[in-house]
Each structure stands twice: as structure tokens, then as C-alpha cells.
Ligand SMILES: NC(=O)c1ccc[n+]([C@@H]2O[C@H](COP(=O)([O-])OP(=O)(O)OC[C@H]3O[C@@H](n4cnc5c(N)ncnc54)[C@H](OP(=O)(O)O)[C@@H]3O)[C@@H](O)[C@H]2O)c1
């Protein structure tokens, strides 16, 4: 049995979670739309993640929509003590599977209630406001109005903690003037390092950083250097990509997504993988393009 505690823990919204968590987005159908290809396997992945010690699951009601949260509820409710479910609001899905900004007061309130209902909860542990000024990368724009609505829902007791997703340092500073921000979730992995400076600032502030697409997302990471390092360590490239994130900064929380029990086991086993400083030096060069990508 894999001991994922070896990857350590970090504070997330007043609780302490293991740094190896699970992202549930891949459980919905193709394009994160509709039902899963294999419902039985989706339920099995969620149960195995928690049975293996995962106590941080990332989700949203706009995955499916509703599908991922309903699977989490079916697989895990009543939830074990200590499980932190982080969800996000700020978008809705079109009938054609498109991602549409949903930042109005009515849409944000409805999104919190949709998450509560579909997860079977009275209060959401952590809600990330997902900025939609850019789709896969942050873009400037004020988040004051939607974050003020979310902070109101927090005061009403529907939300314990608030985080931000797909945001710039300016938006994080703006957010901190409105409410406490316990985590940030942006695109980051060993090939996409736009948040290097931001991660340093969040480490100093003690704020959790949960990179999305830790394995490259819809186009999983592919790199000759990554494969070479993995071969030398007797590990898989995905395990090395996760181990690199774990060693990158202590406040990084991993939420790799998979619909496969085999991939889940492989990803959780990264908790036990230590990278030598030579390996880290090589991997660090992938993003700068000074070694073969
Ligand atoms: N805030 C945001 O805007 C945002 C955006 C995207 C995602 N997220 C969150 O971040 C989480 C992680 O992102 P993600 O799931 O999109 O991307 P990811 O974790 O970078 O990669 C997932 C992809 O890698 C594959 N994979 C996973 N483990 C593997 C392994 N061991 N070997 C080979 N392939 C493997 C998966 O396919 P299989 O299913 O076949 O394993 C899937 O295609 C999501 O689940 C979601 O909760 C947030």
C-alpha cells in the first residue's frame, strides 16, 4: 500500500491536507461534458483515492455539468472526517459543451447552491472563484464584484473558505482586500512556469498553491528529458512530473486528474519519489528550452 503521507502535508482552509490529492475533472465524459465513459470505474477511482489516504479532492459543478459532483456524492457520501472538497464557481456550460463566464450575482449564488445540492453538503469547505477573463491563463480585470458576492455567501455560512483560480498577482492582492484567500489554483507544471515568482510570494504568505494541469492537462506532458530522467530513476514520466512539483515548493498541493485506477496508483506512488539535485537541474531546463523538450 502506498504511503502518501511521505509527500507531506500543508494547511488548506484551516485544515491540514496531504500534499497528494486528486482532481476529479477527468471523471466526466469527453470534453468534461456528460456522463463518464465508465461509471463503475469512476466510482472506483474516487473510493480508491480516499482509501489510499487522499483527503483533498478538487471539483466543480460545471464539470459535466453536475456529473462530477454527483459521482463524488455517490462514491463517498457520507464523507469521511478530514476530507476537504474544494470546488469552484464562475463559469457555466453551454449546450455545445462551451465554457461560459457566469459572474453575475444570481449565477454565483445559484452555483454555490448547485454545489451544495450535488455534493450533499450544508456548507462547502473551500470555493475558488474561477476568473474567466482568460480561459487557460489569467488576464487582468477586476474580481471585486463577484468576490464580494462570494464573501457574502461565506458570511451566510454556506462557504467556509475562499480561494482564487486563474488569477494574476494583482487580482490576488485585490481579493485579499475583500476576504481571506486560502489558496490559488492556476495552470503550472514543469513546462509552464509562468507562476514561478507568484509561487515564491504565496510560499512566504503560507497560502496553498494547487496547480491545475500538473501533468499537462488535455495534452499530457511529453519531453525527451522528462522520459530520460524517469528511466534513470526507474519511475514513469508522470511520477517525475509530480515529484518535481512536490520538490518545487512546500505550499504546492497536487490534484492530478485521472479516470483510471492504474494511473491513480501510479500518481499516488510519486509521494515516494525523491529527485536528485542533478535531475531537478535537468528538469528545470525544460521550460526554458535549454534541453530537449
Ligand atoms: N481551475 C481551473 O481552471 C482548472 C482547469 C483544469 C483543471 N482543473 C483541476 O485540476 C485537476 C487536474 O487537471 P487535469 O485533470 O485537467 O489535468 P492533469 O492532471 O494535468 O492531467 C490529466 C490527464 O493526464 C492523464 N493521466 C493522469 N495520470 C496519468 C498517468 N499516470 N499516466 C498517463 N496519463 C495520465 C489523464 O488521462 P487518464 O484519465 O486516462 O488517466 C488526463 O488525460 C482537474 O482534475 C481539475 O480538478 C482546474
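Okay, here's what the table says:
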read-out	value
Choice from 227, 98, 259 with maximal GNM fluctuation in the chain (Cα, 10 Å cutoff)	98
Inter-probe distance in nm under a simple model that places probes 7 Å from Cα toward Cβ, at residue 136 and residue 83	3.1 nm
Rounded to 10°, Cα long-axis angle of helix 196-205 versus longest principal axis of the chain	70 degrees
Spatial separation of Cα centroids for the stretch 20-69 and the stretch 236-293, in angstrom	21 Å
Most mobile listed residue (203, 170, 276) in the chain, GNM with C-alpha springs under 10 Å	276
Helix-only [θ]222 nm of the chain, DSSP H runs n ≥ 4, -39500 (n - 2.57) each, per residue, nearest 500	-11500 deg cm²/dmol
Nearest-ten-degree value, helix 67-76 long axis tilted from longest Cα axis of the chain	80 degrees
Euclidean distance of C-alpha centroids, the stretch 206-225 and the stretch 78-157, integer Å	22 Å
Global geometry of the stretch 31-159, whether rounded, prolate or oblate, following the gyration tensor of its Cα atoms and the 1.5 cut on a/c	oblate
Residue-span extension gain [residue 180 to residue 6] - 0.36 nm each, minus C-alpha spacing	59.7 nm
Folded to 0 to 90 degrees: helix 144-155 orientation relative to the chain principal axis, Cα	80 degrees
Anisotropy class of the stretch 15-85 from Cα gyration tensor, a/c 1.5 cut	prolate
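Read the figures in this text as sums done on the coordinates, not as results from a lab. Because the structure is predicted, anything quoted here is derived from the model rather than measured. With ideal geometry, Cβ positions are generated from the backbone for all residues, glycine too; neighbour counts draw on all protein chains shown.
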